[in-house]
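A short write-up of the structure that comes next.
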Amino acid sequence: MSENTSPTRKRIILHDISSRAWEHPADRGALVALRKLQGFDTIVRKWSGFINERMVKMLLLGSNVRVSERQFPRVHKLYAEAGQSLDVADLPELYVSASPLLNAYTIGMDTPRIVVNSALVDLMDDDELRFVLGHELGHALSGHALYRTLLAYLIQVGATLAGGIPFGYWGIRAIIAALGEWARKAELSGDRAGLLATQDVGAAIRVQMKLASGGHLADLDQTEFLEQAREYDATEDLRDSVMKFILIEETSHPYAVMRAGELRKWVDSGEYAEILSGNYPRRQQDRDARISEEAAAAAESYLSAFRSSQDSIVRLARDLGDGLGEFGRWIGGRFKQGPPNQ
């Protein structure tokens, strides 16, 4: 058996699964709100009309290799399997690009297309590559390319107008920071889709290990790698916490170590097993999704992360909040008792 093959393992077909099943709550809340705007898709597509999707198509046809049964048949087979697990009837076109960079991406709005760099094809085994393909397929099914395009335009327009608006720079910075946070949560959504596509937790973690190490999997230990993620999350020094915020603000993706840790948390939460057991939202229910419910789920997700985080600055904020709460209760008790006897 070659290095790139793995024993045939039966995967569950998640019939009629909605993308809401794998979308991170913070990502899902924003997407549901955007999808509820009547005519939103049409406006975005008209606004982005100067980005010609036909040009993208011809560029990919002319400079990349379109995957089929006869071209990159291994990749074609794994892609079909990922699509089958996520119950996708019409798969977006898939291309392989000659590049030494470990990267894959989804491009296009009316017609999403997926591009995987040749370095990933060479580096990943079957289960791992199925995860990568499922990750990108998750982006396509969630419509991330469409909404990211609009948000990119908002940033550009806002940056142009910032100079003429009092405090405009800081307002734009706040918007960019918020959009960056959403984009990183969208990547976590993609990772969950990838896991549901390959249905192998070990493979999903290995992908992050290979991305972080450049492929030196034989030199890594999964338990210690995940411990590294916990150590990153549980910084003891406030200066390290501040530095994390500064560093992550400039990135479009969470760090590979943290992505592994977040996947592990999602599995440990029981949500992954629930979906495999058949308990997940269906596509026909998407129109009935309530913005208020998704916003509440997003808020609860952040609150849960805040409560459980071992990051020093988050612990300090938690302790300050508890202290202020105790002080408030003490003051309230004093008022209830009335003034002291003279």
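Between K57 and R239, how high is the FRET efficiency from 1/(1 + (r/R0)^6) when r is the Cβ-Cβ distance and R₀ = 41 Å? Nearest 0.05. Display every interim value, and only then the final one.
On the way: r = 49 Å, r/R0 = 1.19.
Efficiency at R0 = 41 Å is approximately 0.25.
What ranking do 269-280, 16-27, 115-126, 227-238 get when scored by the average of other Cβ atoms within 10 Å per residue, highest first?
Per-residue mean Cβ counts within 10 Å order the peptides as 16-27, 115-126, 227-238, 269-280.
Enumerate the amide H contacts of Y95 below 5 Å, restricted to partners 5 or more residues apart or on another chain; note that Pro and chain-start residues carry no placed amide H.
V67, I114, V115, V116
Please report the net charge: other residues with Cβ closer than 11 Å to the Cβ of L102, K and R +1, D and E -1.
Working: positive: K210; negative: D122.
Result for the local shell: 0.
Determine the shape class of the range 172-266: with a ≥ b ≥ c the square roots of the Cα gyration tensor eigenvalues, call it rounded for a/c under 1.5, and otherwise prolate if a/b is greater than b/c, oblate otherwise.
Numbers: a/c = 2.20, a/b = 1.35, b/c = 1.63.
Cα axes put the range 172-266 in the oblate bin.
So if each residue of separation counts as 0.36 nm, and I subtract the Cα-Cα distance between E274 and K77, what length gain in nm does that give? Please list the in-between numbers first.
On the way: separation 197, 0.36 × 197 = 70.92 nm, distance 2.70 nm.
Going from the current span to full extension adds 68.2 nm.
Kindly write out, for the range 55-66 in residue order, the coupling ³J(HN,Hα) from the Karplus curve 6.51 cos²θ - 1.76 cosθ + 1.60 (θ = phi - 60°), rounded to whole Hz, with x marking Gly and Pro.
Once rounded to whole Hz, the list reads 5, 4, 4, 5, 4, 5, 4, x, 10, 10, 10, 6.
If Lys and Arg each add +1 and Asp and Glu each add -1, what is the summed charge of the other residues whose beta carbon sits under 13 Å from the beta carbon of D221?
Computed value for this residue: -2.
Take the Cβ-Cβ distance between V65 and R283 as r, set R0 to 45 Å, and report the resulting FRET efficiency rounded to the nearest 0.05.
So, using R0 = 45 Å, E works out to roughly 0.90.
Could you tell me what fraction of 2.2 N^0.38 Å the Cα radius of gyration of the range 218-288 comes to, as a two-decimal ratio? List each step's numbers first, then the result.
Numbers: Rg = 16.7 Å, N = 71, 2.2 N^0.38 = 11.1 Å.
The value comes to 1.50.
Can you compute the modelled spin-label distance between I248 and K10, with each label point 7 Å from Cα toward Cβ, in nm?
Placing both labels 7 Å along Cα→Cβ, they lie 4.0 nm apart.
Could you give me the ³J(HN,Hα) list for the range 108-118, computed from phi with Karplus coefficients 6.51, -1.76, 1.60 and θ = phi - 60°, whole Hz, x at Gly and Pro?
3J(HN,Hα) across the range 108-118, in whole Hz: x, 10, 5, 10, x, 10, 10, 10, 10, 6, 4.
Net charge near G138, counting Lys/Arg +1 and Asp/Glu -1 over other residues with Cβ under 11 Å of its Cβ?
Numbers: positive: R192; negative: E23, D27, E136, E187, D191.
Every neighbour counted, the sum reads -4.
With θ taken as phi - 60° and the coefficients 6.51, -1.76 and 1.60, list the Karplus ³J(HN,Hα) couplings across the range 258-268 in order, rounded to whole Hz; mark glycine and proline as x.
5, 4, 4, x, 5, 5, 4, 4, 5, 5, 5
Modelled label-to-label distance, D110 and L220, 7 Å Cα→beta-carbon offset: nm?
About 4.0 nm, to one decimal.
Rule-based calculations on the coordinates, nothing more; no lab input. Given the structure is predicted, the values throughout are model-derived calculations rather than measurements. Cβ atoms come from the backbone with ideal geometry, glycine included; neighbour counts cover every protein chain shown.
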